[in-house]
Amino acid sequence: MSKSARIYMSPARQGSFIVAMNAWVVANPFLATVALGGAVSVVAPYVNKTIEYAFGKALGNISDIPDGFQRYYKRPSKDERNQLDTLVQRIEPPLSRAHMVIGQTAKEATFKSKRTDLFTMNQTTKEYIEAKPLDAPEVMFTNVTAYNVVSRNGRMYDPVNGNTAAFTLVKSPLKGTANTITTSLDQYQAGRKGMVKVTADRVQTESGRLKKFLITAAEEIAPEDWENGQDPLRSARR
């Protein structure tokens, strides 16, 4: 960048991710306690790791809670973790706009907090952010391993790739879908198979990398499709 270039910044507006992030930090009992006690050295890495996690998840750099963030992620309450997942969703639109410079005037852009790298935008993250639905819904037998009722995001088993993948429940799914998803999760967490019939569309990058599924319907598997007469939703996992 030219030394003569000047960057002008204004305070974040109401409704922006930064305002929401500030509100989340201020409302966090743990942060409020340590901040009032003057333990800034404890708060700073907590906030940095939270930002690193939120942007890393939005950019597709991480899928599960990374080891370095585990001890920080356990401190917030369940409701606060739900709010954090909702914040991750709010990052995507501005990140999509920010990626417009990638491949045009810049190859990558790294955001730092003093000496700590928080996240980097490059061609790989741009492709991930711009991933689109295939518009080819598919039916699969799967189980739900995680679900956030507030953000409508979760994870389920992807029978094609043989691992878990992210999903989002669309705003107007088939009636009863949300209940089926929570039932699958409850059964899975209870040590049962938790298998249900799901209709979903894949959201993929141009190179074929799966970003997530968009679930439009979920229902219990019909008895005629059971194997050996066993209920795949409620039978125990081996």
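Every number in this text was worked out from the coordinates using simple rules, so none of it is lab data. Fair warning: this is a prediction, and the values are worked out from it, not measured in the lab. Don't worry about glycine lacking a Cβ; one is built from the backbone with ideal geometry, like all the others, and counts go over all protein chains shown.
Structure values in brief
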read-out: By average C-beta atoms within 10 angstrom, highest first, the peptides 52-62, 97-107; value: 52-62, 97-107
read-out: Distance violations [Cα-Cα > 22 Å] among LYS126/LYS171; LYS57/LYS211; LYS114/LYS212; LYS57/LYS197; LYS49/LYS212; LYS112/LYS211; value: LYS126/LYS171; LYS114/LYS212; LYS57/LYS197; LYS49/LYS212; LYS112/LYS211
read-out: Rounded if a/c under 1.5, otherwise prolate or oblate - the stretch 124-238, Cα gyration tensor axes; value: prolate
read-out: Length released on extending from LYS132 to VAL101, taking residue separation times 0.36 nm less the Cα-Cα span; value: 9.2 nm
read-out: Proxy reagent accessibility, fewest Cβ within 10 Å first, across SER172, SER113, SER151; value: SER172, SER113, SER151
read-out: Virtual spin-label span in nm between ALA109 and ASN161, 7 Å along Cα→Cβ; value: 2.7 nm
